[in-house]
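The values are calculated or read from the model by the stated rules, or taken from the named source; none is laboratory data. These figures come from a predicted structure and were not determined experimentally. Please note: Cβ atoms are built from the backbone with ideal geometry, for glycine as well, and neighbour counts cover all protein chains shown.
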Amino acid sequence: MRTHTCGQLRDTHVGQTVTLAGWVNNYRDHGGLIFIDLRDREGVTQLKFDPDLAGSAHKVAEGLRHEDVVRATGKVVDRGVNDKGQALANPKLATGQIEIEVSELVILNKASTPPFTPDDAQTSEEIRLRYRYIDMRRPQMQNILRTRHRVAKIIRDYCDKHGFYEVETPFLCRSTPEGARDFLVPSRLQPGSFYALPQSPQLFKQILMVGGVDKYIQIVRCFRDEDPRADRQAEFTQIDLEMSFVEPDDVMSICEGMIREVWKQVLGVDVPKVERMCYAEAIGRFGSDRPDLRFGMELVDVSDLAQQTDFKVFRGAIEAGGLVKVICVPGAGGGSMSRKETDALAEWVKQFGAGGLPTCKIESGKLTTGVAKFLESISTALIERTGAKDGDLLCFGVSPRKTVVHRTLSELRVKLAHDLKMIKPGQWKWLWVVDFPMVEWNDEQKRWDSLHHPFTAPLDADLDKIESDTANVKSKAYDLVLNGSELGGGSIRIHRPDVQQRVFKLLGIDEEAAKMKFGFLLDALQYGAPPHGGLAFGLDRLVMHLVGTSNIRDVIAFPKTQMGADLMTEAPAPVDDAQLKELSLRVQTHAKPDKAV
RNA sequence: GGGGGUGUAGCUCAAUUGGUUAGAGCAUCGGACUGUCGAUCCGAAGGUUGCGGGUUCGAGCCCCGUCACCCUCGCCA
């Protein structure tokens, strides 16, 4: 149907007769000459219709409009010069040196007037999603789809080279109450029973290791029925892998190599040896287990100094078992920040549970404004420890709850870095965060929760501390962090049923419950499970980094809105009564029961 | 479930303190034009101001409700 694409022809093709096919990107009708910009996936080529050379083609071309689908045959000609001797080439187009002198034009499909055109970058996302098929014609979207394809291809090739098998795991699974809310699928054959869509193939990949698969990879859809965010979608894709007879280093090394290959091939960027930081240090210095290392403003613990003051806010927090930490916002930003702006920050941090945000400035080597008057006795020590200079702003994180201090300052640090444009573009700051605690205390539910998941192995040295010194048990878990976002995480798994039982017990999953929910895993571990571990990357987030967007919907061909709707297909939608009946389901529509009660 | 933002022509936006017939650019339609490339020029058509109530002599604007989209808290082992 065509001999070339619309991004292919150069002056070396001049003289050839070619056939192109594509969409009408734009048209310019001069009454005599007509120019059409023809677009396909690969680019844009200008078609020229000259009434004197090909009258019938010119006649057809007069009727062309945006997004008509056509096929054109003609001769490749150099654009040459106009009668004033000016070059007619278009430097904005890769094919701008040439044009096609069309002799034959076929309209393959006349398009209705489109709601927007692919070259309109201003169209709202809502409209783009409703007409995704038009949106996808935009070069930016084509680039994203191509990048995503290439990432998947590079990863498959890399894993193949390293001896991984790609194995498919079920989508119709058993519901496990841990973790996120499940999407449920009713069973027709077993009324009243349900499948759950997988939140991840975690258990299956472990079973594959027991089954001797040795190395497993899958690029697989996962489902979590939670509210979406800018970087989160109910349906997302993991690069899921698992290996047998490995230590954490083996997994990290394979994953690092994979990332290195992707960044090299897609961006031409070399990823250096990735540094490691233990969880405790990450929390201490950055307040986060996924620190952004592209800028400073590290957290400084000043609890000991705060205790020496008469400032009730500080003393009260510490006496209640809390913390006072501070970040120093350097230079112009801090010094020039107005009272109104710092008040706004104080309001902003309340969403993380902080009572407010005490601040003060440094002028002439002294603390001024804000809470400075309460801190006179410790001002010298404070300035020395934070390294604050004139014009800097100190922001204090204060709370009886350490996690609130860390969350607040961690979020504030990132916000200020963005607001004050402290992040130089084009940086890739990688980090392995390791030595996670195995569990954390859930104060509301009064129980231990897994930090990673219940199958994460504790460090060998910590095996006897599981019951006696639970809070200090570290696990063989590792997260790969890029520019402050978690790209992937994994762990070495528990491969002994007795250890797995102890961990379940610790998490409040008694033997009977464990048997009911994870019996097949415990069984499998009894029949010769090799030591094994793995990791899962979020493919969507990875592609987001590669193409430079903060919107996950940009990297998904057919994404959903915050209400879980597909604006194009209008899913979800009600179903026929007959379908419900077949599934033994009845829908209960409740008219505002909450407000009635 | 909570907080914030947005909703006006097909698209992107404007509309003074609540005040005449709700405007502009692009797209669409008609006309002109033989070197444009965001073509240009002339003309036309295009509106339930998301939806439903209310206040008012008068509502795009104020109030109540509701829907959709976005950001966010909770949630996301």
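Only one of the numbered conditions (1) in contact (Cβ under 8 Å) with a residue 60 or more places away in the chain; (2) touching a His at 6+ places or on another chain (Cβ under 6 Å); (3) over 30 Å from A:Tyr133 (Cα atoms) is violated by A:Val18, and that is (3).
Residue-level analysis places A:Phe164 outside the set of residues that are crowded, with 16+ Cβ neighbours inside 10 Å and without any contact (Cβ under 8 Å) to a residue 60 or more places away in the chain. Of the residues making up region A:494-511, those that are without any contact (Cβ under 8 Å) to a residue 24 or more places away in the chain and closer than 18 Å to A:Val210 by Cβ are A:Asp498, A:Gln501. If you take the residues in region A:193-242 that are closer than 19 Å to A:Leu172 by Cβ and of a type in the set (Lys, Arg), which one is farthest from the chain's Cα centre (by Cα)? So the residue we want is A:Lys205. Going by the conditions given, is A:Ser124 within 26 Å of the chain's Cα centre (by Cα), within 12 Å of RNA strand B (Cβ to nearest atom), exposed (fewer than 15 other Cβ atoms within 10 Å of the Cβ) and among the polar types (S, T, N, Q)? Spelling it out, A:Ser124 is indeed within 26 Å of the chain's Cα centre (by Cα), within 12 Å of RNA strand B (Cβ to nearest atom), exposed (fewer than 15 other Cβ atoms within 10 Å of the Cβ) and among the polar types (S, T, N, Q). The criterion of at least 2 residues that are free of Cβ contacts under 8 Å to residues at least 40 places away in the same chain and surrounded by fewer than 21 Cβ atoms within 10 Å (Cβ to Cβ) is met, among strands (runs of 3 or more DSSP E) falling completely within region A:191-289, by A:194-196. Of all residues in region A:12-28, those being surrounded by 14 or more Cβ atoms within 10 Å (Cβ to Cβ), within 16 Å of RNA strand B (Cβ to nearest atom) and not hydrophobic (A, V, I, L, M, F, W, C) number 5.
For region A:94-122, a tally of residues being charged (D, E, K, R) and not in a strand (DSSP E or B) returns 3. Taking region A:177-212 as the range and being small (Gly, Ala, Ser) and in contact with a Phe, Trp or Tyr (Cβ under 7 Å, 6 or more places away or on another chain) as the test, the residues that pass are A:Ser187, A:Ala196.
For region A:508-545, the set of residues classified as surrounded by fewer than 16 Cβ atoms within 10 Å (Cβ to Cβ) and in a loop (DSSP other than H, G, I, E, B) consists of A:Gly508, A:Asp510, A:Tyr527, A:Gly528, A:Pro530, listed by residue number.
Of A:Ala121, A:Ala87, all but one fail to be at pLDDT below 95 and out of contact with any strand residue (DSSP E or B) (no Cβ under 8 Å at 6 or more places or on another chain); the exception is A:Ala121. Of the residues making up region A:559-589, those that are within 30 Å of A:Arg541 (Cβ to Cβ), part of a loop (DSSP other than H, G, I, E, B) and of a type outside the set (A, V, I, L, M, F, W, C) are A:Pro559, A:Lys560, A:Thr561, A:Gln562, A:Gly564, A:Thr569, A:Glu570, A:Pro572. Any residue at all in region A:30-41 that's free of Cβ contacts under 8 Å to residues at least 12 places away in the same chain and either within 9 Å of RNA strand B (Cβ to nearest atom) or among the hydrophobic types (A, V, I, L, M, F, W, C) (or both)? Yes, there is a match, as at least one residue in region A:30-41 is free of Cβ contacts under 8 Å to residues at least 12 places away in the same chain and either within 9 Å of RNA strand B (Cβ to nearest atom) or among the hydrophobic types (A, V, I, L, M, F, W, C) (or both).
Criterion first (near RNA strand B (Cβ under 8 Å from one of its atoms) and surrounded by 15 or more Cβ atoms within 10 Å (Cβ to Cβ)) does A:Gly7 satisfy it? No; evaluated as a whole, the condition is false for this residue. Looking only at residues of region A:290-308 that are among the polar types (S, T, N, Q) and either farther than 14 Å from A:Arg385 by Cβ or in a helix (DSSP H, G or I) (or both), we find that the one that is modelled with the highest pLDDT is A:Ser303. Taking region A:82-99 as the range and being surrounded by 10 or more Cβ atoms within 10 Å (Cβ to Cβ), more than 41 Å from the chain's Cα centre (by Cα) and within 6 Å of RNA strand B (Cβ to nearest atom) as the test, the residues that pass are A:Leu88, A:Glu99. Looking across A:Gln199, A:Gln218, A:Gln190, A:Gln206, one residue alone is among the polar types (S, T, N, Q), under 29 Å from A:Val439 (Cβ atoms), away from RNA strand B (no atom under 12 Å from the Cβ) and at pLDDT 95 or above. It is A:Gln218.
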